[in-house]
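The values are calculated or read from the model by the stated rules, or taken from the named source; none is laboratory data. Computed from a prediction, not measured in an experiment: that's the story for all the values here. Every residue, glycine as well, gets a Cβ built from its backbone with ideal geometry; the counts of neighbours run over all protein chains shown. Only protein heavy atoms, including side chains, enter the accessible area calculation; ligands, DNA and RNA are left aside. Shrake-Rupley method; radii C 1.70, N 1.55, O 1.52, S 1.80 Å.
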Amino acid sequence: MMTVYDKAKYHYDNDFPPQLSQDQAYVHIGFFLGWLIEKELCSEEFLEDYEEEIKAFKARELLSSRLFKMAAGVLASDMLNEEGNAFAASKYDSYMSDYLYILNQEDAESSYHVPDTWENYKLICEELDIVYEMWCQKRER
């Protein structure tokens, strides 16, 4: 059975700020997906289906939000390997809760107002690396 962790549509169909481009609904999920790709936590099928896009992302020629949009704007279990799913199931909700704090943007109007930049992606990756390391250590006990 497939688990859907998040969809851009969940965001722009609800309380999405009307003055923003709907592309902003892809940013926070795209950051998480980009980190999963770089940590090799995606399924072989996903890696094969988006091989060219992933190469462009890794070369910093394609933002993670754009890659996520090309993947239908859905973050689901069939995109991740076993460890990726275990991590997403355990930590995705807390990632969303801490998103603005991680980026030092607690004063932002909403999570949708965060600029889609490589600098912000790097901040997210640094925090997710720490969370992932701690999560791995707990699993080993």
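Separation of the alpha carbons by more than 22 angstrom is noted, of LYS55/LYS122; LYS39/LYS122; LYS9/LYS122, for LYS9/LYS122. How high is the relative contact order of the chain, in percent, with contacts defined as C-alpha pairs under 8 Å that are six or more residues apart? The normalised contact order for the chain reaches 33 percent.
Can you give the percent of C-alpha pairs in the stretch 7-49 whose distance is more than 18 Å? Everything past 18 Å amounts to 41 percent. Within the stretch 68-141, the GluC sites (Glu not before Pro) that combine a DSSP coil assignment with at most 10 other C-beta atoms in a 10 angstrom radius are GLU106. A Förster radius of 22 Å combined with the Cβ-Cβ distance from GLU51 to GLU82 puts the calculated FRET efficiency at roughly 0.60.
Taking a point 7 Å from the Cα of GLN19 along the Cα-to-Cβ direction, the residues of the stretch 101-118 with backbone N closer than 15 Å to it are 108-115. Taking one quarter of the surface of the convex hull spanned by the alpha-carbon atoms of the chain gives a direction-averaged projected area of 8.6 nm². The GluC sites (Glu not before Pro) of the stretch 1-48 that meet both conditions, a loop assignment by DSSP and at most 12 other Cβ atoms within 10 Å of the site Cβ, are GLU40.
Heavy-atom surface analysis with a 1.4 Å probe gives the chain a carbon and sulfur content of 46 percent of its accessible area. Gain on full extension, evaluated as 0.36 nm per residue between MET70 and CYS136 minus their Cα-Cα distance, stands at 20.8 nm.
Solvent-accessible surface of the chain, averaged per residue with a 1.4 angstrom probe and all protein chains in place: 56 square angstrom.
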